[in-house]
Ligand SMILES: CC(C)(COP(=O)(O)OP(=O)(O)OC[C@H]1O[C@@H](n2cnc3c(N)ncnc32)[C@H](O)[C@@H]1OP(=O)(O)O)[C@@H](O)C(=O)NCCC(=O)NCCS
């Protein structure tokens with residue numbers, strides 16, 4: 001079983017759309033990825049990664065730029081991990097975990113300081129994510145506190161950061 005993680009290429013766009021559609025069982029997340037790719041202020045090409053299994057794309061992860069805004073004055077840069085999908089036939093083999101770890105490593109390499117995720121509280125803590133309430137960082141929508149998580153890519157990456165996470169507008173349409 002040969003699993004590789006690599007940066008997306010333009011010829012992968014169709015396969016990435018299909019992987020997200022199959023993983024989520026709907027087209028919303030696939031369309032979100034397509035839309036974010038057109039948003040130059042949010043999209044970081046090096047943070048759109050694919051997982052290949054025997055040379056076929058079976059998984060994808062995207063991290064995009066977000067802002068954390070406090071009191072309409074202070075604005076901090078961060079990243080949101082979303083979406084991530086692995087096709088059902090390839091799930092449970094650690095591919096999702098490899099995608100997360102590769103995405104976090106690349107983000108750190110690019111000097112980002114933190115990552116935010118809205119996701120399963122049973123999955124993301126294994127990578128070091130903890131609820132953002134720890135830093136007084138809030139989601140812009142109503143979600144269970146334990147599902148909204150953050151991770152410092154460097155020591156103190158979220159120290160003295162607080163406020164509400166502002167996602168790119170493309171997320172409003174999901
Ligand atoms: C979440 C997802 C990307 C994980 O991919 P994967 O390649 O199966 O991940 P891994 O093999 O590294 O890890 C599997 C673990 O994820 C856990 N997991 C998968 N879906 C989960 C869910 N909905 N809630 C909690 N844990 C979940 C499995 O229980 C398993 O846990 P274990 O290691 O303790 O047994 C994949 O299940 C998927 O595409 N799901 C549908 C889309 C989705 O929900 N994406 C996440 C959005 S936050």
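The values are calculated or read from the model by the stated rules, or taken from the named source; none is laboratory data. Keep in mind that what you see is a predicted model, and the values were worked out from it rather than measured. Cβ: placed from backbone, ideal geometry, glycine included. Neighbour counts: every protein chain shown.
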**Report entry** Among (1) in contact with a strand residue (DSSP E or B) (Cβ under 7 Å, 6 or more places away or on another chain); (2) surrounded by fewer than 22 Cβ atoms within 10 Å (Cβ to Cβ), the one test that residue 64 misses
**Finding:** (2)
Report summary line: Pairing a residue in the stretch 1-27 that is at pLDDT below 95 with any residue that is surrounded by fewer than 12 Cβ atoms within 10 Å (Cβ to Cβ), where Cβ atoms lie under 7 Å and the two sit 6 or more apart in sequence or on different chains, gives 2/54
Query raised in the report: Among the residues of the stretch 91-116, which ones are farther than 16 Å from residue 8 by Cβ, buried (at least 19 other Cβ atoms within 10 Å of the Cβ) and near the ligand (Cβ under 7 Å from one of its atoms)?
Result: 96
Query raised in the report: Only one residue in 9, 73 is under 28 Å from residue 157 (Cβ atoms) and surrounded by fewer than 16 Cβ atoms within 10 Å (Cβ to Cβ), so which one is that?
Result: 73
